[in-house]
Amino acid sequence: MTYDELHEFKKDFKKLFKKYRTLKDDLEVVRKVLVVKPDASPPFSFRIDNLGLETCIIKVRKIACKALKGRGVNSGLRLVYAYFDEEQQIIFIELYHKSDKENEDRQRIIQNFK
């Protein structure tokens, strides 16, 4: 499995890393899980539909964050990524906290995967 990141994702990560110092390690755990189960697996992750794209876009709703002790997977962090099954590739699109933003940036997704 290969991983890539959009430029905007790197900005999201850098901004959140200042607030959640364990985010780099937390994201590594997510990567290990995605190697085993890259497709959507409700209730932890689900496909984002109605984008008009053939690309499989998945949103992870439950990410454990060590910086938010006692919260477990209810940290409020969200990760959006594109999964390409044949190429065995994942491209991270967006990372945000649900208190900062209600939903994923659909415009960013459409703009990068048309």
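Observations, loosely collected:
- Checking Ala67, Ala40 one by one, the residue that is in contact with a strand residue (DSSP E or B) (Cβ under 6 Å, 6 or more places away or on another chain), at negative phi and part of a loop (DSSP other than H, G, I, E, B) is Ala40 and no other.
- On inspection, Leu16 fails the criterion of being over 20 Å from Thr2 (Cα atoms), surrounded by 15 or more Cβ atoms within 10 Å (Cβ to Cβ), in contact (Cβ under 8 Å) with a residue 24 or more places away in the chain and within 12 Å of the chain's Cα centre (by Cα).
- Taking residues in segment 80-98 that are surrounded by 12 or more Cβ atoms within 10 Å (Cβ to Cβ), and partners anywhere that are of a type in the set (Phe, Trp, Tyr) and not in a strand (DSSP E or B), the pairs with Cβ atoms closer than 7 Å and at least 6 places apart or on different chains are Ala82/Phe113; Phe92/Phe9; Ile93/Phe9; Glu94/Phe9; Leu95/Phe9; Leu95/Phe13.
Since every read-out is calculated from the coordinates, none of them should be taken as a lab result. Treat the numbers as computed from the prediction; the structure is a model and nothing was measured. With ideal geometry, Cβ positions are generated from the backbone for all residues, glycine too; neighbour counts draw on all protein chains shown.
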